[in-house]
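Trainee: Got a structure here, written out as structure tokens. Questions coming.
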Amino acid sequence: MRGLVHRAMEEGALGLTTALIYAPASYAKTPELIALARESARCGGMYTVHMRSEGDRVEAALQETIDIADASGAPAEIYHLKIAGKDNWDKLDRVIAMIEKARATGTRISADMYTYTAGATGLDAAMPLWVQDGASRPGSNV
């Protein structure tokens with residue numbers, strides 16, 4: 001996979017892009033993403049991400065993005081920074097503070113905003129991974 005990233009960079013790609021909220025990208029582990037983002041950075045590219053969560057786990061998803069940027073050396077760009085779900089709206093100030101703190105300590109991270117009052121995505125993005133991988137939920141009869 002690193003070779004594919006390297007070849008794409010040689011062919012004019014600007015970096016590595018992931019959409020971790022969607023399968024199959026949601027199965028990627030952080031060390032794998034670091035390795036691929038490192039290859040992008042080695043070629044002068046960036047790491048652009050649609051984070052794993054914009055709702056209940058948005059802070060953990062943001063921390064993963066910061067960790068990938070730090071470990072790989074690639075500047076990170078967050079697609080459509082937003083907070084999904086009314087119960088999560090109070091997290092916005094903490095999320096922005098996390099980005100500002102990371103930037104203050106040298107992490108190259110930025111974001112674009114999703115400025116619409118409503119959003120849309122596939123139903124699969126709202127379903128747990130166990131539903132998408134075909135396995136039954138632990139403890140269930142499904």
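Trainee: Among what's in the stretch 60-74 and is over 10 Å from the mean Cα position of the chain (by Cα) and in contact (Cβ under 8 Å) with a residue 40 or more places away in the chain, pick the residue that is surrounded by the fewest Cβ atoms within 10 Å (Cβ to Cβ).
Mentor: A69
Trainee: Another one. Which of the helices (runs of 4 or more DSSP H) contained wholly in the stretch 33-142 include at least 2 residues that are modelled with pLDDT under 90?
Mentor: Here the list reads 129-132.
Trainee: What are the pairs, 6+ residues apart or on separate chains, where a residue within the stretch 86-114 that is closer than 18 Å to P75 by Cα and open to solvent by 60 Å² or more (accessible area, probe 1.4 Å) has its Cβ under 8 Å from a residue that is in a helix (DSSP H, G or I) and at pLDDT 95 or above?
Mentor: What qualifies is R108/A69.
Trainee: Next question. Among the residues of the stretch 18-52, which ones are among the polar types (S, T, N, Q), surrounded by fewer than 19 Cβ atoms within 10 Å (Cβ to Cβ) and without any contact (Cβ under 8 Å) to a residue 60 or more places away in the chain?
Mentor: Selection gives T30 alone.
Here's the yes/no breakdown for (1) among the aliphatic types (A, V, I, L, M); (2) over 28 Å from T115 (Cβ atoms); (3) touching a Phe, Trp or Tyr at 6+ places or on another chain (Cβ under 8 Å):
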site	(1), (2), (3)
R7	no, yes, no
A13	yes, no, no
P24	no, yes, no
A41	yes, yes, yes
M46	yes, no, no
R57	no, no, no
D67	no, no, no
K86	no, no, no
W89	no, no, no
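Trainee: Could I ask something else about it? May I ask you to verify whether R57 is free of Cβ contacts under 8 Å to residues at least 24 places away in the same chain, over 29 Å from K91 (Cα atoms), open to solvent by 50 Å² or more (accessible area, probe 1.4 Å) and charged (D, E, K, R)?
Mentor: No: the conditions fail for R57.
Trainee: Restricting to the stretch 3-17, name every residue that is open to solvent by 60 Å² or more (accessible area, probe 1.4 Å) and closer than 12 Å to A76 by Cβ.
Mentor: T17
The values are calculated or read from the model by the stated rules, or taken from the named source; none is laboratory data. Just so it is clear, the structure is predicted and the values come from calculations on it, not from any experiment. Cβ: placed from backbone, ideal geometry, glycine included. Neighbour counts: every protein chain shown. Heavy atoms of the whole protein, side chains included, go into the accessibility calculation; ligands, DNA and RNA do not. Shrake-Rupley method; radii C 1.70, N 1.55, O 1.52, S 1.80 Å.
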